[in-house]
1. Sort 723-731, 696-704 for me by packing, meaning the mean count of neighbouring Cβ atoms within 10 Å per residue, highest on top.
2. When you count, for each residue, the other Cβ atoms within 10 Å and take the mean per peptide, how do 708-721, 431-444 rank with the highest first?
3. When ranked by the protection proxy of mean other Cβ atoms within 10 Å per residue, highest first, what sequence do the peptides 317-330, 201-214 form?
4. Nearest 10 degrees, 0 to 90: what angle lies between the long axis of helix 547-556 and the longest principal axis of the chain (Cα atoms)?
5. Rounded to the nearest 10 Å², what accessible area does LYS121 show when all protein chains are kept and the probe is 1.4 Å?
6. Quick one: how many Å² of TYR198 are accessible to a 1.4 Å probe, rounded to 10?
7. DSSP loop chymotrypsin sites (Phe, Trp or Tyr not before Pro) in the stretch 356-437 with at most 13 other Cβ atoms within 10 Å of their Cβ, which ones?
8. Give me the accessible area per residue for the stretch 246-342, probe 1.4 Å, as a whole number in Å².
Amino acid sequence: MTSGLKEMKEINNEESPFLERLLFRNRFSILVLFLLATVLLGYQSTKLKMEASFEKMIPTYHPYIANYLKHKDDLKGLGNVLWISVENTEGDIFDPEYLETLRQITEAVFYIPGVYRAGLKSLWTPSTRWTRVTEEGFEGGPVIPQSYNGSSESLEQLRINVLHSGQVGRLVANNFCSSMVVAPLTELNHETGEPLDYHELSRRVEQDVRYRFKSEKIRVHVVGFAKLVGDLIDGAIQVGIFFSVTVLLTMVLLYFYTRCVRSALMPLACALVAVIWQSGMLYTLGFGLDPYSMLVPFLVFAIGVSHGVQMINANKHWSMLGKNKYYAARFSFRILYIPALCAMVTDGIGFAVLYVIRIGVLQDMAVGAAIRFPVLILSMLVALPLLMSYVGVSASSVKRLREEEEGLGGHPIWRTISRLGTRWGATTVIALVTLAAASGFYYRSNLQIGDLDPGAPELRPDSRYNRDNAFMVENYSATSDVFVVMVETPANQNSQYENLVAIDRLQWELRQLEGVQSSESLADEIKLLSAAYNEGNMAWYGLPRSQLALDNLAMQTTGGGAVELTANPNGTLSNIFVYLDDHKAVTLDRVVKTVDSFAGRNNTDDRKFLMAAGKAGIEAATNIEIEKAQMKMLVMVYGVVSLLVLLTFRSIRATVCVMIPLWLTSLLCEALMPLLGIGVKVATLPVITVGVGIGVDYGVYIYSRLNSFLNQGIPLQDAYYYTLRTTGKAVAFTGITLALGVCTWSFSPIKFQADMGILLSFMFLWNMIGSIFLLPAIAYWVHNQPNKPLKQTHVN
């Protein structure tokens with residue numbers, strides 16, 4: 001019998017740890033308590049529902065968002081807005097039937113809970129007005145007057161009013177074939193006082209607007225944060241199908257690995273219990289699920305299976321050595337609980353560091369990680385071995401394992417891989433890794449923060465939402481991608497000549513940028529009035545030098561932008577609306593740099609150019625925060641995980657062996673993202689940290705087993721061969737199983753979940769490959785042990 005087998009037998013003579021004695025002496029009582037907890041938390045988990053919050057998706061403390069929130073009352077409708085375009089597919093908007101439909105849609109939107117009714121705007125709302133200059137002076141009124149009756153005369157008057165309203169390209173499409181209903185939203189449902197239910201809001205928009213009025217002639221297009229979240233929730237509900245497929249696939253693979261129904265079902269059941277416990281605890285603590293945290297149940301299940309496979313693998317080997325099911329479970333717990341605790345803590349930390357990014361949805365995910373840590377310990381490290389002490393593994397499974405271990409020639413694959421623990425093998429692997437790392441650094445340089453595609457990158461390019469968004473961009477000058485620059489001045493000083501000139505100059509600079517469609521400000525309105533007061537002569541289209549004239553004109557401006565006011569009533573705030581083609585990271589970066597540079601040159605004690613409001617402004621702030629926090633977050637997660645590995649093994653060499661493969665996988669993942677057109681944003685940032693937290697499991701288990709052989713004086717190549725035949729086999733199986741499980745996400749209608757599926761599959765595989773192939777090469781150099789010829793042995 002070899003020294004490897006002797007090492008496993010000597011555990012019989014060790015004094016069992018207190019924790020082991022406590023658990024196994026009270027196993028029945030503990031399992032009964034776990035059963036009761038599962039029933040209770042299972043009931044609580046049925047109440048968990050999908051939810052979302054606009055403010056949880058943004059960094060509310062960021063200076064840009066703080067500026068927006070400070071002036072929120074003067075900027076109604078610039079944060080959370082529904083843009084509903086009603087298209088006449090058989091003509092233009094000057095059609096009685098179309099206009100009647102538009103009126104009914106405006107009325108239907110008015111009564112949807114959560115709509116800020118005072119800010120609702122369409123051709124039918126009284127706030128949409130026209131103004132023109134006549135020989136007697138100014139004339140104006142509602143675009144659709146009370147005298148409108150659908151006659152050809154009233155339609156012609158409507159056409160004239162629209163042209164005089166300044167709403168072409170804003171509320172009215174440039175080709176006059178559609179018009180807009182703009183509905184600002186509140187964070188609370190004004191009927192119930194509860195937080196706005198975006199899924200219900202989206203459903204009401206679909207039911208009461210899109211499908212109710214859809215016909216061969218009328219087509220409705222809807223964009224906005226609320227609609228996007230509603231579509232994401234609809235897609236997330238379908239994710240349950242992928243979860244079921246993952247569970248089924250994992251069960252089949254577990255059976256083929258163990259050839260034992262009990263051994264396949266037990267880790268699967270405990271992993272599902274972990275999901276139930278976490279879901280129930282989330283609801284009990286007042287949390288919900290949102291589309292961005294839908295990956296958490298998947299990952300709880302995946303991590304549970306990962307640890308469960310190690311426990312089952314150890315049980316099989318102890319059973320093969322003649323231990324009954326009770327002692328096989330006890331000894332398995334004894335040799336695994338320390339590395340398992342280390343791995344589970346690092347799993348939790350991988351998510352917990354997301355809390356450093358002060359965006360509500362990411363902090364909620366971090367809280368979920370804090371819950372997941374004890375849940376996984378209880379289900380996989382306590383419940384699973386206790387259950388296995390009752391059910392054990394089948395005799396046929398043990399017999400199959402014995403035949404594999406006693407087969408002549410051993411394991412040729414593991415024998416070949418173990419040669420990576422020799423000088424030649426280690427040198428070759430390090431050379432290949434150096435080349436891979438160099439390539440990774442090269443491609444990682446193209447990694448961008450934020451969205452890389454127009455529309456909503458969270459959804460497929462051909463999704464209905466993105467088709468609607470493309471329609472808006474193509475037909476309107478004022479899109480939903482609006483970036484608002486706020487100009488603060490003392491009271492009644494917004495019409496000062498130097499302030500208006502500065503606003504006008506900034507607009508000119510912004511209009512030169514690629515990706516900027518148009519802009520609008522108080523300066524534009526004053527210019528228009530100046531020309532209007534001079535018989536409409538466009539030679540007077542400019543800012544008068546006379547301050548008295550400017551003050552008089554400012555008092556007469558409508559103050560109406562495409563969505564809200566270009567200036568507030570007390571003259572302390574002016575807004576520059578910048579309408580963009582899209583909210584790609586590069587577009588937002590150009591706008592932010594231009595405004596920031598201009599503000600640095602033109603801000604004074606009495607005038608400050610501040611960013612930013614509007615959908616695009618909020619997106620820019622989010623990108624900036626993620627870029628600042630990304631490196632800080634990675635340093636924290638690697639620092640804490642390295643410290644935990646160091647404390648577990650009390651060895652710098654062990655820490656190096658475990659962490660370098662992990663770092664390489666993170667680097668290659670970040671290099672893959674730009675190749676796949678994926679940016680770093682709220683949806684994808686968790687993947688990078690999760691890969692570190694979960695990936696360290698493989699290295700911890702493999703090094704723990706390898707170290708036990710090295711401590712007996714076994715040469716590295718032999719020690720690694722024995723490690724591969726036990727723990728290595730389980731790690732390889734786990735990596736492949738988890739990669740196949742999350743790879744089903746690639747079929748999700750939600751693109752960011754499909755992206756996460758691809759990235760997680762890559763990280764699961766590469767973490768497994770790095771632990772199996774790179775770890776022994778690093779171990780060779782850090783341990784620097786001579787190698788002897790590998791013996792023909794039967795080590796278990």
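1. Highest-to-lowest ranking by the protection proxy: 696-704, 723-731.
2. 708-721, 431-444
3. Highest mean packing first, the order is 317-330, 201-214.
4. With both axes taken from Cα atoms, the answer is about 80 degrees.
5. 20
6. 0
7. In loop regions of the stretch 356-437 (DSSP not H, G, I, E or B), there are no sparsely surrounded chymotrypsin sites (Phe, Trp or Tyr not before Pro).
8. Values: 2940 Å² over 97 residues.
Accessible area per residue, the stretch 246-342: 30 Å².
The values are calculated or read from the model by the stated rules, or taken from the named source; none is laboratory data. In this text the structure is predicted, and so the values were computed from the model without any measurement. For neighbour counting, all protein chains shown are included, and Cβ atoms are generated from backbone atoms with ideal geometry for every residue, glycine included. The accessibility values were calculated without ligands, DNA or RNA, using every heavy atom of the protein model including side chains. Shrake-Rupley method; radii C 1.70, N 1.55, O 1.52, S 1.80 Å.
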